[in-house]
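What follows is a short report on a single structure.
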Amino acid sequence: MPPAERPIDPRTNPRPALAARLAAVRLTGLAATLLLLGAGCAEAPSPARLETDSAVVRLYYIERPIGEERFTLRTDDGGLLLTAELDYTERGSRGQLTSSLAVAADYSPRHFRAVGNTYRFVNVDVEVEYGDAAVHVRNLRDTVDLPRPEHSFPVRSYAPVSGRALLIAYWERRGRPSAMRAIPGRDSDVIEIELRGVDSVRVGERIVALRRYSVDGVVWGREAVWLDELGRFAALVSRIHVLPLQAVRSDLVDALPALQTAAVADRMHDLERAAASVSPAADGAFALVGARLIDGNGGAPIEDATVVIRDGIIAEAGPSAEVQPPGGVPRVDATGKTVIPGLWDMHGHVSQVEWAAAYLAAGVTTVRDVGGEAPFLTAFRDLIQEGRGIGPRLVLAGLVDGQDSLGFGAVTASTADEARAVVDRYAASGFVQVKVYGQVRPDVLRALTRRADELGMTVTGHVPADMTAAEAMEAGMGGVTHLHYALAGAPPGDVGRAVEAMARHGFVVSPAVVWSELLGRSLETPIARFEPGIEQISGALALNYESAGSERDPSAVQTAKAETLSLVRRLHEAGVTIVAGTDAGVPGFSLLREIELYVEAGVSPMDAIRSATIVPARVLGMAGEVGTVEAGKRADLLVLDGDPLDDISAIRQGAWVVAAGTMYEVASLR
């Protein structure tokens, strides 16, 4: 059947109506009215001079209230001094950060100090001292003196959120430079700011005008910042590490849902703009000729193969002696290269549009997101599906947890009726799965799985704290998203029995061993030693990972890693379904590292590749349309410069990636 005549499957090509998206927004229970978006951006005057200020800023993590930042801005030595105390509790883990930022009368930075932590594993101990000609930087264990850049500002992760007002005031006073050096960071780390518009929001009986900025480079990717007419900090939509963070002054809380809507619209604009900036290497109809073909079915590679692609679909694939491109179809010489199916990350957290190019550059053409904010995710998914943004296909698993103080995210269910309602709302927005978290009660889990089954959905995630893996499986869970949950509650002597039960039930395990390797490394071991991709990602994100690690001896870490990989091998040999996933990690690169780790565990290179191609497609009921390189399948491919069956590290040698029939040079996406 031609692509245009294929019926739309809401699981794989979801385009929910706006009403469904707004219903997802209302899962938080918040409401506000956005009266004006993007008005007067080009003509908006500069904000008034920023002076003294103090306020309480409410913090939300995946729309769940978690704590606050209290700040004071006062005059000091002819300039201003910001002091801030961040304090929050998230999933039982407390985060605290004390910071101070001193600036001159023209907002030029003088001194920055921050100590504490901004996430469970992200440690901060930074001091930046500005001199007339140099900047002295101490970040954790490293100290460096830099020539003072013409334009620069000290930042470390998202906090202090109130510091954005000083950052933007400095940018305005310096004549809105196109880029400013971010300190600490790499030479290439820059902050870019744009004034995007003015949003008028209703707060109680008041109408408040807030100017909206896009700020890139403080955290990884763009965030939305709002200042009021006096230039004071009003709100922020950003990230704690890679998951969504919202911050808003306590007197403006009612406006937060409307501001989030504006932030999502801005990020979708950014995604469209990014798509327009990248020129495809090939599109429409073309043929890859002369490549080695690993089609994903598990058979021997086909040497000297041809793959013909037309309108997003693989028209033919096989030996070049048997497959001849039709006349007029452009040929791409792939001699010496290897074609494999596009890769899947089955444990993603795609909370920002910057993931799109990062994933594609690694050859990841499908991502299962297992926990984020529905309005952003559905908009992101739909824009890519409609061809207006480049990126992997997104399939969504909606997060739900209990209402306990240890819960995760704003979507909760504490009764069977609430569980069914949550599943219904996710289904209406085109989600394919539900992801349960640790505080879901056993009776609620059973209601979730029954309703999901009725709607053709499945349930994955964490094993609830009050259950064993065996009990969760019997209650209807179809899989888990971390290796350690696979044996949750199983006595050491019953591991073999537990593994057999998982294989018998078709239980799906996404190990995410790369996540354990990244966070559990010895501080004596540089991340680049096992994940060279850390040197190619945003410095803001790399700093987070580089601050984490274990005080254990490297040999002890290696012993623990060997035990983990031994369990992966045991599951695989027993026939348990394993799908590659990362829990985000180092964008794109971590999926490639996960595949490498499976081979290190003793899984064959072919099976390791299949764990990230056809196996996840089968798990999600999509094997009929994607997952292998065969005629009639969606044209999702990765073209490598090496042979991963000979050396699995060749999985990193991407030359081109094909997503839905459009081919890009990996180098251009990077």
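The values are calculated or read from the model by the stated rules, or taken from the named source; none is laboratory data. Just so it is clear, the model here is predicted, and its values are computed rather than measured. Here the Cβ positions follow ideal geometry from the backbone for every residue, glycine too, while neighbour counts run over all protein chains shown. Only protein heavy atoms, including side chains, enter the accessible area calculation; ligands, DNA and RNA are left aside. Shrake-Rupley method; radii C 1.70, N 1.55, O 1.52, S 1.80 Å.
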FRET efficiency for residue 188 and residue 566, using Cβ-Cβ distance with R0 set to 51 Å, rounded to 0.05: 0.80
Using the Kirkwood formula on alpha carbons, the hydrodynamic radius of region 325-365 in angstrom works out to 13.0 Å
What is the sum of charges, Lys and Arg at +1 and Asp and Glu at -1, for the other residues whose Cβ falls under 11 Å from the Cβ of residue 233? 0
Accessible area per residue, Å², the chain with all protein chains present, probe 1.4 Å: 37 Å²
Rounded to one decimal in nm, the spacing of the 7 Å Cα→Cβ label points at residue 76 and residue 300 is 7.3 nm
Give me the Å³ per residue figure for the convex hull around the C-alpha atoms of region 126-178. 92 Å³
Viscosity 1.567 mPa s, temperature 4 °C: what is the translational diffusion coefficient of region 343-483 from Stokes-Einstein with a Kirkwood Rh over Cα pairs, rounded to a whole number of µm²/s? 85 µm²/s
For the peptides 217-227, 327-337, what is the packing order when you average, over each peptide's residues, the other Cβ atoms within 10 Å and list the highest mean first? 217-227, 327-337
The chain, relative contact order [Cα under 8 Å, separation at least 6], %: 13 percent
Where a ≥ b ≥ c are root eigenvalues of the Cα gyration tensor, a/c under 1.5 meaning rounded, otherwise prolate if a/b exceeds b/c and oblate otherwise, region 508-549 counts as prolate
Computed over the Cα atoms of region 534-582, the Rg and Dmax in Å are 15.3, 41
Using +1 at the Cβ of each Lys and Arg and -1 at the Cβ of each Asp and Glu in the chain, identify which of 412, 484, 357 lies farthest towards the dipole's positive end. 412
Normalized C-alpha radius of gyration of region 481-626, against 2.2 N^0.38 Å? 1.09
With a 1.4 Å probe and all protein chains left in place, how much of the accessible area of region 100-153 comes from carbon and sulfur atoms, in whole percent? 49 percent
How are the Cα pair distances of region 298-383 distributed, in percent, across 5 Å bins from 0? 3, 11, 18, 18, 13, 12, 11, 9, 5, 1
Sort 290-301, 388-399 by the packing proxy (mean of other Cβ within 10 Å over each peptide's residues), most packed first. 388-399, 290-301
Using a simple charge model, +1 on the beta-carbon of Lys and Arg, -1 on the beta-carbon of Asp and Glu, nothing else, what dipole does the chain show about its Cα centre, in debye to the nearest 20? 960 debye
Take every Cα pair under 8 Å in region 247-389 that's 6+ residues apart, average their separations, divide by the length, and report that relative contact order as a whole percent. 23 percent
In this structure, the FRET efficiency calculated for residue 522 and residue 649 from their beta-carbon separation, with R0 = 22 Å, to the nearest 0.05, is 0.50
Cα centroid separation, region 369-445 to region 144-162 (Å): 36 Å
Classified through the alpha carbon gyration tensor (a ≥ b ≥ c as square roots of its eigenvalues; rounded if a/c is under 1.5, else prolate when a/b is larger than b/c, else oblate), region 344-387 comes out oblate
Run the numbers for residue 331 and residue 495: contour at 0.36 nm per residue of separation, minus the present Cα-Cα distance, in nm. 53.8 nm
Can you give the charge dipole size of region 491-627 about its Cα centre, rounded to the nearest 20 debye, using +1 on the beta carbon of Lys and Arg and -1 on the beta carbon of Asp and Glu? 380 debye
Hey, any idea what Rg/Rh is for region 554-670, computing Rh the Kirkwood way over Cα pairs? 0.99
Beyond 14 Å, the calculated P(r) of region 153-209 holds a percent of Cα-Cα pairs equal to 64 percent
Which lysines, if any, have their Cα less than 23 Å from the Cα of residue 633, not counting same-chain residues under 8 positions apart? 337
Summing +1 for each Lys or Arg and -1 for each Asp or Glu, what net charge is found among the other residues whose Cβ lies under 12 Å from the Cβ of residue 113? 0
Give me the one-decimal Kirkwood hydrodynamic radius in Å for the chain, with the sum taken over alpha-carbon pairs. 26.0 Å
Compactness of region 234-290 as Cα Rg over 2.2 N^0.38 Å, two decimals: 1.84
State the Cα centre-to-centre distance between region 201-254 and region 281-328 in whole Å. 49 Å
For region 419-539: rounded, prolate or oblate by the Cα gyration tensor [a/c cutoff 1.5]: oblate
Where in region 297-322 does the label zone of residue 625 land, with the point 7 angstrom along Cα→C-beta and an amide N cut-off under 18 Å? 310-315
Which of the peptides 550-557, 435-442, 526-533, 121-128 is most tightly packed, and how do the rest follow, judged by the mean count of other Cβ atoms within 10 Å per residue? 435-442, 121-128, 526-533, 550-557
